[in-house]
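See below for the structure under consideration.
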Amino acid sequence: MRFSLAGLGWLIITGFITVTVVSAKNSDRHQPIAWCYVQQGPIELKPIRATRKAGSLSLGRGALAPVLKTDLKNGRNRAMVRVTDLSTLDPVDRWVDSSQVEITPIDRFPSDEELLRQLGGEYQDDVTASKMTVARWLVRQGNSGTALVCFVASMLLPVSRLVAFLPAQSGFVRGPSLEFPYSEMSPGILSAEVRDLVGDGKECFITHEPFRQGPEVLGVNIVIRRLERDNFRSLWTAPIESRNLGFFPSQLQILHPLVKNVGVAGTVTKGEVEFQQRGNTYSPVWKGTVEFFAVGRDKPIDSVKFTKACAWNGFEFEPLQ
């Protein structure tokens with residue numbers, strides 16, 4: 001499985017905003033009748049109508065999306081699912097081949113209203129609740145069952161949350177959570193998938209998260225986390241894009257080992273991450289390029305490429321830097 005980079009601007013503007021968004025009027029016509037669970041992904045989704053504006057969209061491994069209806073076309077069963085554009089929090093309805101996913105009864109998991117009721121506070125406000133987005137993933141916890149991990153966000157709130165709902169006799173109960181302050185780029189998470197990287201049956205939650213440290217220092221990180229006791233524990237973080245053009249050194253200096261150049265002043269870093277099997281674990285392997293810029297130059301004056309595998313040490317993955 002590979003996370004590829006198409007540039008931060010392209011990722012945010014093209015990869016998400018140009019997808020065909022169903023209007024609120026049409027979206028309200030259907031209520032969920034089942035759940036679509038992606039065991040192996042990503043799964044490419046088909047537009048409701050074939051238009052030039054319909055960009056590509058997929059569901060990552062572990063995603064759980066509501067099914068609005070099912071039908072048969074050209075001898076194949078398909079389901080209409082509602083997914084969320086995480087950069088804008090807009091609902092998007094698309095078709096998925098039913099043979100590629102698992103369709104689960106609607107009463108298997110709690111509704112958005114039930115989850116928001118458990119969160120309480122501002123999530124109980126009628127206006128806020130009506131504008132709330134809940135994106136879902138299933139994360140296996142070994143012998144402890146399967147957690148329902150939800151990204152809960154609204155344009156009306158300054159903070160979005162990643163919340164784990166843990167299995168219990170009564171259904172699912174609220175567990176640990178993380179807060180993401182809303183920025184002008186994103187509510188906090190651009191995409192996510194679930195994978196068993198450690199090989200012990202406790203799956204990892206892998207996200208793409210934008211960051212900004214001033215007007216000229218920004219990018220996107222890939223973050224690997226696991227549910228550990230009462231929190232989301234970070235196992236590894238690395239940039240798939242890092243732009244640091246707020247300051248330029250007086251002369252070019254390439255550091256060694258080459259990984260030390262990632263994110264330094266006067267550089268743009270572009271990379272991708274794939275997972276390489278080592279025994280019963282899958283280690284993240286970072287591959288990318290660091291470009292060096294000078295004042296007044298639109299094009300890089302030099303660049304270096306390198307690859308680094310970050311092995312599991314029993315507690316976390318080796319840091320990139």
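No lab work stands behind these numbers, since they all come straight from the coordinates. Since we're looking at a predicted model, the values are computed, not measured. Here the Cβ is made from the backbone with ideal geometry for all residues, glycine too, and neighbour counts use every protein chain on show.
Rounded to the nearest 20 debye, the dipole size of the chain about its Cα centre is 760 debye, using +1 on the Cβ of Lys and Arg and -1 on the Cβ of Asp and Glu. Could you give the length gained on full extension between H30 and E122, defined as 0.36 nm per residue of separation minus the Cα-Cα distance, in nm? Gain on extension, H30 to E122, equals 30.5 nm.
Using a simple spin-label model with points 7 Å from Cα along the Cα→Cβ vector, what separation in nm is obtained for Q169 and H256? Each label point lies 7 Å from its Cα, and together they span 6.5 nm. Phi angles across segment 141-146 convert, under the Karplus curve 6.51 cos²θ - 1.76 cosθ + 1.60 with θ = phi - 60°, into 3J(HN,Hα) values of 10, x, 6, 8, x, 10 Hz, Gly and Pro given as x.
Rounded to 0.05, the FRET efficiency of the K46 and N231 pair, given R0 = 45 Å and the Cβ-Cβ distance, is 0.75. Close amide H partners of S191, meaning residues 5 or more places away or on another chain with modelled amide H under 5 Å apart, are H208. A cut-off of 5 Å between modelled amide H atoms, ignoring neighbours fewer than 5 places along the same chain, links L320 with T237. Near T146, the amide H atoms lying under 5 Å from its own belong to Q141; only residues 5 or more places off or on other chains count, and H is placed 1.01 Å from N.
Which of A192, P210, G171 sits closest to the plus end of the dipole of segment 169-231, meaning its Cα is farthest towards the positive end, when Lys and Arg get +1 and Asp and Glu get -1 on the C-beta? The one lying farthest along the dipole's positive direction is G171.
The separation of segment 223-238 from segment 246-269, counted between C-alpha centres, amounts to 28 Å. Couplings 3J(HN,Hα) for segment 202-211, derived from phi with the Karplus relation 6.51 cos²θ - 1.76 cosθ + 1.60 (θ = phi - 60°), are 9, 6, 9, 10, 10, 10, 9, 10, x, 9 Hz, where x marks Gly and Pro. Multiplying the residue separation of K69 and S130 by 0.36 nm and removing their Cα-Cα distance gives an extension gain of 19.7 nm.
Given the alternatives [x] 18.5; [y] 20.0; [z] 16.5, mean projected area of the Cα convex hull in nm² as computed for this entry is given by [x]. Ranking S160, W286, T146 by Cα position along the charge dipole of the chain, where only Lys, Arg, Asp and Glu carry charges on their C-beta atoms, puts W286 farthest toward the positive end. Highest mean first, the peptides 253-266, 131-144 sorted by other C-beta atoms within 10 Å per residue fall in the order 131-144, 253-266. Each of N221, V259, L72 was scored by the projection of its Cα onto the charge dipole of the chain, and the greatest displacement toward the positive side belongs to L72; charges sit on the C-beta of Lys, Arg, Asp and Glu. Neighbour counts of C-beta atoms inside 10 Å place E193, E114, E209 in the sequence E114, E209, E193, starting with the fewest.
For segment 167-177, 3J(HN,Hα) computed residue by residue from phi via the Karplus equation (6.51, -1.76, 1.60; θ = phi - 60°) reads x, 8, 4, 8, x, 9, 10, 4, x, x, 8 Hz, glycine and proline entered as x.
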